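Let me begin by presenting the structure, written as structure tokens, before commenting on it.
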Amino acid sequence: MAKIGIDKVKSSFKNFALFTNASGVDSMFRRNIEILDPLFVIVGEHGMYLEVDRGKDFESYYEYFSGKKIYPIYPTFKEDLLDGVDGVLVDIQDVGVRCFTYVHNIKSIIEMAAKKHLKVVVFDRFNPVGKAFGSSCHTDSIVCPKDIPFLYGVSVGSLAKFFGRKFGAEIEVFETEGNPTYEEMEKFLSNVSQNLNSFQSVLLYPSLVLLEGFKYVSVGRGTNKPFRMVLLEDKRIAKEFVEFLKSLDLKGVLFHETIQKPCFDTLRGEILYGVEFFVYDKDNFDQMFFGFNLVKFFFDNGFEFSKDDSGNLYLDLIYPNLIENLELGNIYKFYEEERIKGSVFLNEIYK
């Protein structure tokens, strides 16, 4: 059986803060709060048990089972929150994609710990995607942490060491061991985020999250298979989308047509037509070739770009320069350039 970092813990950390969420379990499915016994818990977007809708603020509260106080660090991290602790524990399942907001949370925690001369202990977990792709962000935001490519290709422990070198923080990592089976990864990925609740959704997330940059395109939020489908109101466009997918000669992924009615989020309550996907060979499935082609299809078919509450184009926020290259007709050249830049990041990580 493969081991994750928390499997190796032999003592508690009573005067440490713990950054985690519902994904924080060991290989025996025991909750990390019970194992680590932290002073208090800090959480990112969605709260401890993924009970808070995406993008919503929430107040501090008490964890139901342990009685530990839970403090939000999303969307802002209060500087005095870590006063009086010996350090911060990090035990959370990531998905290998920089726009997953917990990546920026970890970066902020390590930067704050460095300022306060606190130790950061990371209980490592397996990166389910395990590939590097894309140029690094040159500015910093919750969905585009500076210096990180779109797919970063390393575990959260290695990423923490990278941030530790950048900010001058003391980092200790409890390493993983072995190679997890599909069933083990399914166990670790069942509570990653509100709409990432299976290995399949996590494997498809790097591709389908790009489509949230368009209006009137659902990626399955509000259905029983979020981030495993692409759904549209228009039956004709849905049929054209199927034919487009057939023309791509995709490797490692299967698909069939489907009809769904999301009960919340994008296009909720509408009968939608589209495609459900299944990744059967994750090593040969090229998420970014797939994702860039999906974006090209909807751009070529005149779909409008979506915006955040401040009027920024969402696709620009999560993948800078992608829209520019779509408009210039350079999407495949851009893909090749970005593929090479992912390797550059790995060289920096391991140097």
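Data for the structure
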| quantity | calculated |
| --- | --- |
| Cross-chain or 6+ apart pairs with Cβ under 6 Å, the stretch 132-147 first and over 10 Å from residue 98 (Cα atoms), then in a loop (DSSP other than H, G, I, E, B) and of a type in the set (A, V, I, L, M, F, W, C) | 133/150; 134/150 |
| Test for residue 282: is it within 30 Å of residue 341 (Cα to Cα), crowded, with 16+ Cβ neighbours inside 10 Å and not hydrophobic (A, V, I, L, M, F, W, C) | yes |
| Any pair with Cβ under 6 angstrom, 6 or more apart, that starts in the stretch 319-348 at a residue that is among the β-branched types (Val, Ile, Thr) and ends at one that is modelled with pLDDT of 95 or more | 323/315; 323/316; 331/292; 331/296; 331/325 |
| Options 5, 47; residue that is touching a residue at least 40 places away in the same chain (Cβ under 8 Å) and either under 22 Å from the mean Cα position of the chain (by Cα) or assigned by TED's automatic domain parsing to the domain that holds residue 71 (or both) | 5 |
| Odd one out for residue 9 among (1) among the β-branched types (Val, Ile, Thr); (2) closer than 28 Å to residue 201 by Cβ; (3) in contact with an Asp or Glu (Cβ under 9 Å, 6 or more places away or on another chain); (4) surrounded by fewer than 23 Cβ atoms within 10 Å (Cβ to Cβ) | (2) |
| Members of the stretch 310-338 found to be assigned to a helix (DSSP H, G or I) and surrounded by 17 or more Cβ atoms within 10 Å (Cβ to Cβ), listed by number | 314, 315, 316, 317, 318, 322, 325, 326, 331, 334, 335, 338 |
| Only listed residue being among the acidic types (Asp, Glu), in the same structural domain as residue 79 (by TED's automatic domain parsing), at pLDDT 95 or above and touching a strand residue (DSSP E or B) at 6+ places or on another chain (Cβ under 8 Å), chosen from 111, 177 | 177 |
| Residue tally, condition at pLDDT 95 or above and of a type in the set (A, V, I, L, M, F, W, C), over the stretch 66-77 | 2 |
| Candidates 302, 329, 311 - the one that is under 18 Å from residue 143 (Cβ atoms) and not polar (S, T, N, Q) | 311 |
| Matching residues, the stretch 248-296, being basic (Lys, Arg) and part of a helix (DSSP H, G or I) | 296 |
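The values are calculated or read from the model by the stated rules, or taken from the named source; none is laboratory data. Just so it is clear, the structure is predicted and the values come from calculations on it, not from any experiment. Don't worry about glycine lacking a Cβ; one is built from the backbone with ideal geometry, like all the others, and counts go over all protein chains shown.
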